[in-house]
1. Given R₀ = 22 Å, what would the calculated FRET efficiency be for residue 114 paired with residue 147, taking r from the Cβ atoms and rounding to 0.05?
2. Where the eigenvalues come from the Cα gyration tensor of the range 22-149, what are the semi-axes √(5λ) of the equivalent ellipsoid, largest first, in whole Å?
3. Which ordering of 107, 91, 116 is given by a fewest-first count of other beta-carbon atoms within 10 Å?
4. If neighbour count is taken as other Cβ atoms inside 10 Å, put 50, 57 in order from fewest to most.
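Computed from the coordinates by the stated procedures, all read-outs in this text should not be read as laboratory data. In this text the structure is predicted, and so the values were computed from the model without any measurement. As a convention, Cβ positions derive from the backbone with ideal geometry for all residues, glycine included, and neighbour counts pool all protein chains shown.
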Ligand SMILES: [Cu+2]
């Protein structure tokens, strides 16, 4: 009886665990941006990316309907000034997690086609090096929330 329970427990784990080996691609969690004011033409998008697979993945580009352009940006510090720099791609190694967050790597949407309102959402497509893609829902948060995210 105990043995069966043990097996059942592991079957359940296998079934529900995001770490199961059957997973083929990257997992994206909690994508968000902040609401924009009417004349704002660019915004940053943040997301947590998990690679629970046995393979490395490269995110080669991103795109969305809501802006003319979308890029992956990193941060470089030159003479004590923090600057954003376009990254040609983003490598997510096997079993690695990468957190796109304020002050670090982020997506930059430029040429916003409309104002982003608190509580709305839109999709960003992450295009991978092998030609596959993931469509990720991005939540638009109230800008008052920003204070909780930035030091
Ligand atoms: Cu940027």
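1. Numbers: r = 25 Å, r/R0 = 1.13.
Efficiency, rounded to the nearest 0.05: 0.30.
2. On the way: eigenvalues 114, 61, 40 Å².
Three semi-axes, in Å: 24, 18, 14.
3. Values: 107 25, 91 13, 116 22.
In increasing order of surrounding Cβ atoms, one gets 91, 116, 107.
4. Values: 50 18, 57 22.
By the 10 Å Cβ count, ascending: 50, 57.
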